[in-house]
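Asker: First, the structure itself, so that you have it in front of you.
The values are calculated or read from the model by the stated rules, or taken from the named source; none is laboratory data. This structure is a prediction, so every number in the text was calculated from the model and none was measured. Positions of Cβ are backbone-derived with ideal geometry, glycine not excepted, and every protein chain shown enters the neighbour counts. Each accessible area value is taken on the protein alone, full model and side chains, heavy atoms only, with ligands, DNA and RNA left out. Shrake-Rupley method; radii C 1.70, N 1.55, O 1.52, S 1.80 Å.
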Amino acid sequence: MRRYHVTTFGCQMNAHDSERIKGLLEELGLGEAPSQEEADVLVFNTCTIREKPDTRLAAHLARAAAQKRQRPDTVIAVGGCYAEAQRERLFSLYPEVDVAFGPGTIAHLGEWLGAGGFGVPRGRFGTGDERRFAATLPTHRERPFQAWVQISMGCNSTCAYCIVPRVRGREVSRRPGDVLAEITRLADEGVREVTLLGQNVNSWGRDLLPEIRTDFGELLRAVDAIDGIERIRFTSPHPKDFRRPVIEAMAECDAVCEHAHLPLQSGSTRILKAMRRTYSRERYLRLVEEMRAAIPDLALTTDLIVGFPGETEDDFRETLEVVEEVGFDGAFTFVYSPRAGTEAAAMPDQVPDEVKRDRIERLVEVVQRVAAERNAQRVGRVEQVLVEGPSRTDPTLLRGRTRRNTTVNFTGDAAPGELVDVLIERSTSTTLGGSQVAVAVA
Ligand code: SF4
């Protein structure tokens, strides 16, 4: 049996797409190899949101090329956002690559392999321009009780630093009936937790035909009504589209978890304007207040960028202030990285690297201190945890996530997929620790 290996870079949407790529390859009769070296088909599902993933990919492809020189029948396939951004150029940049496809043309990989590489000329990117939801492809889920569910693709926003609209295209919402049918099927298969995925989940539904038009708040309520689904998560929302119906659905639906990832990016209204984020610092803080009033135990995490062109020390200080004021439970922090073809890459006043490095260090320090303070408040409480498996740091412990999306390492005897109550006894800035007290839901 020929075997494949998939390397995934980037976001949850790519994690979802990689599960589909694996499902597609298994439908073609391939098995999964534990490592790149043991595989006949090497697939790289790429990201290009910053420079770092591009550099990492180059190193991976150099290793793959060496493997191919040893075993010429090795197939090298590149998908995802970097492939979409480069298209045919990819084959001249990396001559060892056999087949390439974008986030909307994953099916091309199957056609190419299905044809044994024959009939589809090498060096042609994807097939046709018709984008398809990866959600229509077979899947290989990492965990049988959790599932990513794609509800839209693409993004209509124009954030000045972001390449996503260029590589993932305009926003297209999946039909509500298709989403609900998929989740009902997943629940029948034993899935307990679903994560609704989109570049901008809370603008879902706006482009649907009038006769089926609805909104994200209604979708949350409809998913909440599906038997067997105990937990609903979603990512990524945009603050500009976070409206009352979504907040009310989060507050009123039992299965919708008390966590929202709400990318802020900068605490300075001047920089937010230059980023084309379409909200101000004040509006973001009002939204946080409204969400917390409706969902008292809400956990909030965010994305933050330092060193955006033109960012002054005062702008940066405003970011630190908002982190303190909101009290984020966690944050992904990034150094601004110019992306070819984005508006920001051509902006004046690019911030020097040493200033960026200094700011990211100071930001991480504040983010970690605030998150540690937030997590310390959970000590002494009993949290419901969905068991995911053994702890990554201590095999004698179990690992799982609270409804607020915090990782918990704990003593207990539960099995993966079980919901258990855990008494929280200790905390760090990123995790909680404790011991199982009961099985919450059989
Ligand atoms: S909302 Fe902005 S940052 Fe997010 S994917 Fe769209 S353009 Fe990029």
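Asker: Considering only segment 118-230, give the helices (runs of 4 or more DSSP H) lying wholly within it that have at least 3 residues that are within 14 Å of the ligand (Cβ to nearest atom), more than 29 Å from L419 (Cα to Cα) and modelled with pLDDT under 95. Working first, answer last.
Answerer: Working: elements: 164-168, 176-188, 216-224.
Ranges flagged: 164-168.
Asker: Can we say E365 is assigned by TED's automatic domain parsing to the domain that holds S266, within 26 Å of the chain's Cα centre (by Cα) and within 27 Å of E318 (Cα to Cα)?
Answerer: Values: assigned by TED's automatic domain parsing to the domain that holds S266: yes; within 26 Å of the chain's Cα centre (by Cα): yes; within 27 Å of E318 (Cα to Cα): yes.
Taking the combined requirement at face value, the residue satisfies it.
Asker: With the structure loaded, tell me whether P309 is open to solvent by 40 Å² or more (accessible area, probe 1.4 Å) and of a type outside the set (A, V, I, L, M) or whether it fails that test.
Answerer: Numbers: open to solvent by 40 Å² or more (accessible area, probe 1.4 Å): no; of a type outside the set (A, V, I, L, M): yes.
Here the answer is no, as P309 does not meet what is asked.
Asker: Restricting attention to segment 294-306, and to residues there that are within 16 Å of the ligand (Cβ to nearest atom) and under 18 Å from C257 (Cβ atoms), which single residue is least open to solvent (accessible area, probe 1.4 Å)?
Answerer: Among those residues, the one meeting the criterion is T302.
Asker: Moving on. Just to check your reading of the model, which residue among V335, V351 is within 24 Å of D54 (Cβ to Cβ) and in contact with a helix residue (DSSP H, G or I) (Cβ under 6 Å, 6 or more places away or on another chain)?
Answerer: When all the criteria are applied, what remains is V335.
Table: residues versus (1) farther than 24 Å from E318 by Cβ; (2) open to solvent by 60 Å² or more (accessible area, probe 1.4 Å); (3) not assigned by TED's automatic domain parsing to the domain that holds R231.
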site: G341; (1), (2), (3): yes, yes, no
site: A346; (1), (2), (3): yes, yes, no
site: D358; (1), (2), (3): no, yes, no
site: E388; (1), (2), (3): yes, no, yes
site: T393; (1), (2), (3): yes, yes, yes
site: R401; (1), (2), (3): yes, yes, yes
site: R404; (1), (2), (3): yes, no, yes
site: N409; (1), (2), (3): yes, no, yes
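Asker: Keeping to segment 272-283, report how many residues are touching a residue at least 40 places away in the same chain (Cβ under 8 Å) and more than 14 Å from the ligand (Cβ to nearest atom). Before the answer, list the steps.
Answerer: First, the residues of segment 272-283 that are touching a residue at least 40 places away in the same chain (Cβ under 8 Å): 274-279, 281, 283.
Then keep just the ones that are more than 14 Å from the ligand (Cβ to nearest atom); that gives 281, 283.
Number satisfying all stated conditions: 2.
Asker: Here's something else I'd like to know. Please find, within segment 237-246, the residue that is nearest to the ligand (Cβ to nearest atom) out of those that are open to solvent by less than 30 Å² (accessible area, probe 1.4 Å) and part of a loop (DSSP other than H, G, I, E, B).
Answerer: Filtering segment 237-246 for residues open to solvent by less than 30 Å² (accessible area, probe 1.4 Å) gives 237-239, 241-242, 246.
Keeping just the survivors that are part of a loop (DSSP other than H, G, I, E, B) gives 237-238, 242.
Numbers: P237: 9, H238: 5, F242: 12 Å.
Selected residue: H238.
Asker: Okay, moving on. Tally the residues that are assigned to a helix (DSSP H, G or I), within 13 Å of Q265 (Cβ to Cβ) and open to solvent by 20 Å² or more (accessible area, probe 1.4 Å), restricting the search to segment 312-339.
Answerer: 1
Asker: When segment 87-104 is examined, which residues are found to be closer than 14 Å to F44 by Cα and not hydrophobic (A, V, I, L, M, F, W, C)?
Answerer: Y94, E96, D98, G102, P103
Asker: If you check every pair at least six apart or on different chains, which have Cβ atoms under 9 Å apart with a residue in segment 165-176 that is acidic (D, E) first and a residue that is open to solvent by 50 Å² or more (accessible area, probe 1.4 Å) and more than 11 Å from the ligand (Cβ to nearest atom) second?
Answerer: Here the result reads E171/R206; E171/D207, each pair linking segment 165-176 to a residue that is open to solvent by 50 Å² or more (accessible area, probe 1.4 Å) and more than 11 Å from the ligand (Cβ to nearest atom).
Asker: L300 fails exactly one of the following numbered conditions: (1) under 29 Å from E248 (Cα atoms); (2) under 21 Å from the mean Cα position of the chain (by Cα); (3) touching a residue at least 60 places away in the same chain (Cβ under 8 Å). What is the number of that condition?
Answerer: Every condition holds for L300 apart from (3).
Asker: What number of residues within segment 74-114 satisfy the criterion of being touching a Phe, Trp or Tyr at 6+ places or on another chain (Cβ under 8 Å), of a type in the set (G, A, S) and without any contact (Cβ under 8 Å) to a residue 40 or more places away in the chain?
Answerer: 2
Asker: Let me ask something additional. Considering segment 13-29 alone, what residues qualify as being out of contact with any Gly (no Cβ under 9 Å at 6 or more places or on another chain) and more than 13 Å from C81 (Cα to Cα)?
Answerer: H16, E19, R20, K22, G23, E26, G29
Asker: Tell me, which residue of segment 262-271 that is in contact with a Leu (Cβ under 9 Å, 6 or more places away or on another chain) and either within 17 Å of R317 (Cα to Cα) or not assigned by TED's automatic domain parsing to the domain that holds V326 (or both) is farthest from the ligand (Cβ to nearest atom)?
Answerer: We begin by selecting, within segment 262-271, every residue in contact with a Leu (Cβ under 9 Å, 6 or more places away or on another chain); these are 262-267.
Checking which are either within 17 Å of R317 (Cα to Cα) or not assigned by TED's automatic domain parsing to the domain that holds V326 (or both) leaves us with 264-267.
Working: L264: 12, Q265: 8, S266: 12, G267: 17 Å.
In this case the residue turns out to be G267.
Asker: Scan segment 395-409 and give yes if some residue there is in a strand (DSSP E or B) and either over 20 Å from C257 (Cα atoms) or modelled with pLDDT under 95 (or both), otherwise no.
Answerer: Yes, segment 395-409 contains at least one residue that is in a strand (DSSP E or B) and either over 20 Å from C257 (Cα atoms) or modelled with pLDDT under 95 (or both).
Asker: Now, a different point. Mind checking which residues of segment 31-49 are in contact (Cβ under 8 Å) with a residue 60 or more places away in the chain and either more than 30 Å from L304 (Cα to Cα) or open to solvent by 60 Å² or more (accessible area, probe 1.4 Å) (or both)?
Answerer: Hits for segment 31-49 are E32, V41, V43.
Asker: Same structure, new question: Look at segment 278-293 and say how many of its residues are assigned to a loop (DSSP other than H, G, I, E, B) and open to solvent by less than 10 Å² (accessible area, probe 1.4 Å).
Answerer: Of the residues in that region, 0 qualify.
Asker: Same structure again: Which one of these is assigned to a helix (DSSP H, G or I) and under 27 Å from the mean Cα position of the chain (by Cα): R374, R392?
Answerer: None of the others qualify; the one that does is R374.
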